[in-house]
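What follows is a short report on a single structure.
The values are calculated or read from the model by the stated rules, or taken from the named source; none is laboratory data. Just so we're clear, the structure is a prediction, and the values are computed from it rather than from any experiment. Here Cβ is always computed from backbone atoms with ideal geometry, including for glycine, and neighbour counts include all displayed protein chains.
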Amino acid sequence: MNCDRLLQGKIPGFETGIEIKKSICTICDPMTQCGLNVYVKDGEIVKVEGSKEHPANEGTLCAKGAATRQYVYSQDRLRTPLKRVGPRGSGKFEPISWDEALDTIAGRLNQIKGEVGPESVVFYSGYSKWYRTFLQRLTHVFGSPNYLTESSTCHNATHMAMRLNGTPGTPDFMNSQCLLVWSANPFHSRTCISRQILTAKEKGLKIITVDPRYTPMVAHSDLHLPVKPGTDGALALSMANVIINEGLYDEDFVKKHTFGFEEYREYVQQFAPDRGGKLTGVPADKIRAAAYLYAISKPSSIMPSASPVVHHTNGVQNYRAIFALMALTGNYDIYGGNIADPPSFLYMAGGFKSRYEEFVHPHRWEEMAPRIGQDRFPVWAELVDEGQAMHLPVQIESQKPYPIKAMLSFGLNYRMWPDNAAFLESLQKLDFIANVDIFM
């Protein structure tokens with residue numbers, strides 16, 4: 001074949017000089033780390049595909065992973081450290097060397113630590129996530145309790161609901177008879193498992209999707225419950241009402257592995273399907289149908305989303321009500337249900353207990369000052385091993401219980417804060433900010 005045509009098709013081989021290098025994508029989260037086949041010619045990436053042999057993505061890639069070459073070679077990508085030379089917010093920077101950048105950051109943080117205290121320095125992680133283990137350890141070795149992440153408005157609230165009910169459970173949907181998808185849209189957000197869902201569907205998997213929108217996941221579902229945003233807990237309690245009153249619950253599992261059932265049974269009586277329909281916007285007959293399908297199709301599993309359900313003032317309790325359905329039907333920690341799988345390293349379950357906590361926490365909490373938001377959010381402080389980032393502007397402004405003077409951040413997007421204009425204004429009061437990112 002003509003070499004020009006081979007080059008045009010980006011075919012690897014001796015004739016074209018194109019090699020395939022194995023890599024992983026770290027744009028997203030550590031739960032996938034999708035495999036990449038990176039086509040390289042003369043040291044430059046010419047094409048990117050998913051690695052078929054990688055267990056997480058099996059050759060698939062989302063739009064971000066497929067666009068790897070675009071961001072690697074983007075004209076807007078920063079290629080050197082920059083130092084601000086104008087007023088904060090002016091956008092005036094000049095290039096500096098890596099040595100000067102690292103020396104400046106270390107010098108200023110240590111200076112502020114000596115003058116005010118280590119707790120006055122905040123360490124923040126946005127995206128991506130693979131380095132978080134080491135940033136959290138750095139924070140605590142430095143002596144600051146204030147390791148913060150974007151998860152303050154993301155998955156941590158979902159994880160809190162799981163922990164308040166028990167050990168987090170991963171859906172074993174490939175072995176389920178029924179999958180209850182709650183406000184998740186893996187065809188857009190976790191494309192690497194969408195093929196697995198379709199394969200399970202072809203083998204007989206029944207799918208219920210709870211989502212206010214008509215998504216690609218809904219298109220492949222047997223039942224769609226278009227819930228009003230924020231009323232997810234009422235919908236779950238209404239399903240529990242049907243499951244309990246119709247005798248569909250797993251009495252043996254409930255007796256052996258739960259507590260508070262009688263109080264729970266009494267509480268859900270106020271969420272009969274007719275009232276549940278009025279609260280949630282889901283017709284009563286659909287609530288009953290979903291409750292029956294999930295309860296009798298054992299084993300069944302629940303696939304939650306990372307954060308939409310908890311983006312409400314009642315968010316944690318919404319998911320607690322949803323996750324209670326696992327135990328009610330005996331689908332917790334069984335084959336084809338939601339497998340109890342605590343994390344071994346950086347959110348990832350490895351099937352074994354590790355010394356991860358000891359690594360990231362070289363100092364005990366009582367040896368350091370209170371975390372940001374600890375007094376205002378005591379349940380968060382009990383269940384999550386980081387400060388509550390949304391409280392950061394409040395503490396900057398109040399300086400209570402101590403002042404915040406500096407921040408080292410990675411991938412910080414100020415628009416994640418509820419009142420982002422106020423947050424941006426509060427940052428003006430810090431003595432020093434260093435942010436790590438690949439774009440301005």
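List of remarks:
- Consider the range 3-42 and keep the residues that are polar (S, T, N, Q) and outside any strand (DSSP E or B). The one that is nearest to THR68 (Cα to Cα) is THR26.
- Screening SER300, SER307, SER238, SER221 for residues that are of a type in the set (S, T, N, Q) and within 18 Å of ASN338 (Cα to Cα) leaves exactly one candidate, SER300.
- Criterion violated by ALA161 - all others in (1) more than 28 Å from TRP417 (Cα to Cα); (2) in contact with a helix residue (DSSP H, G or I) (Cβ under 8 Å, 6 or more places away or on another chain) satisfied: (1)
- Near pairs, Cβ below 6 angstrom, 6+ apart or cross-chain, from the range 387-415 (over 19 Å from GLU115 (Cβ atoms) and in contact (Cβ under 8 Å) with a residue 60 or more places away in the chain) to any residue that is in a loop (DSSP other than H, G, I, E, B) and among the aliphatic types (A, V, I, L, M): GLY387/ILE372; LEU392/ILE372
- Residues of the range 80-95 classified as assigned to a loop (DSSP other than H, G, I, E, B) and surrounded by 14 or more Cβ atoms within 10 Å (Cβ to Cβ), total: 1
- Meets criteria (farther than 30 Å from HIS140 by Cα, touching a Ser or Thr at 6+ places or on another chain (Cβ under 6 Å) and of a type outside the set (Val, Ile, Thr)) for GLY330: no
- In this entry, GLU58 passes the filter for residues that are surrounded by 15 or more Cβ atoms within 10 Å (Cβ to Cβ), at positive phi and either over 20 Å from the mean Cα position of the chain (by Cα) or assigned to a helix (DSSP H, G or I) (or both).
- A residue that is within 25 Å of LEU164 (Cβ to Cβ), of a type in the set (S, T, N, Q) and in a helix (DSSP H, G or I) occurs nowhere in the range 286-302.
Matching residues to (1) under 20 Å from THR26 (Cβ atoms); (2) of a type outside the set (Asp, Glu); (3) free of Cβ contacts under 8 Å to residues at least 40 places away in the same chain:
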| residue | (1), (2), (3) |
| --- | --- |
| VAL116 | no, yes, no |
| TRP130 | yes, yes, no |
| ASN146 | no, yes, no |
| PRO171 | no, yes, no |
| SER176 | no, yes, no |
| THR215 | no, yes, yes |
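- Hits in the range 13-48 - residues which are closer than 30 Å to PRO343 by Cα and of a type in the set (S, T, N, Q): SER23, THR26, THR32, GLN33, ASN37
- Looking at VAL116, VAL72, VAL121, just one residue is more than 30 Å from GLN388 (Cβ to Cβ) and of a type in the set (A, V, I, L, M, F, W, C), and that residue is VAL72.
- The residue list MET326, MET390 contains one member that is closer than 30 Å to LEU180 by Cβ, in a helix (DSSP H, G or I) and not assigned by TED's automatic domain parsing to the domain that holds LYS298, which is MET390.
- Any hit, the range 261-272, residues being surrounded by fewer than 23 Cβ atoms within 10 Å (Cβ to Cβ) and modelled with pLDDT under 95: no
- In the range 19-43, the residues that are within 22 Å of the chain's Cα centre (by Cα) and of a type in the set (A, V, I, L, M, F, W, C): ILE24, CYS25, ILE27, CYS28, MET31, CYS34, LEU36
- A residue that is closer than 23 Å to ILE396 by Cα and at pLDDT 95 or above occurs somewhere in the range 98-105.
- Boolean, GLU366 is surrounded by fewer than 20 Cβ atoms within 10 Å (Cβ to Cβ) and within 20 Å of TYR124 (Cα to Cα): no
- Scanning the range 183-215 for residues that are farther than 26 Å from GLU49 by Cα and either among the small types (Gly, Ala, Ser) or assigned by TED's automatic domain parsing to the domain that holds MET31 (or both) turns up SER183, GLY204.
- Just one residue in the set GLN317, GLN374 is in contact (Cβ under 8 Å) with a residue 12 or more places away in the chain, surrounded by 14 or more Cβ atoms within 10 Å (Cβ to Cβ) and in a helix (DSSP H, G or I); that residue is GLN317.
- Being of a type in the set (Val, Ile, Thr) and closer than 20 Å to GLN177 by Cα is a description that does not apply to ILE244.
- Taken together, the criteria place ALA306 among residues that are modelled with pLDDT under 95, closer than 27 Å to THR231 by Cα and either among the acidic types (Asp, Glu) or in contact with a Cys (Cβ under 7 Å, 6 or more places away or on another chain) (or both).
- Meets criteria (among the aromatic types (Phe, Trp, Tyr), touching a residue at least 12 places away in the same chain (Cβ under 8 Å) and either in contact with a strand residue (DSSP E or B) (Cβ under 7 Å, 6 or more places away or on another chain) or crowded, with 18+ Cβ neighbours inside 10 Å (or both)) for PHE423: yes
- Any hit, the range 72-79, residues being part of a loop (DSSP other than H, G, I, E, B), touching a helix residue (DSSP H, G or I) at 6+ places or on another chain (Cβ under 9 Å), farther than 30 Å from HIS257 by Cα and basic (Lys, Arg): yes
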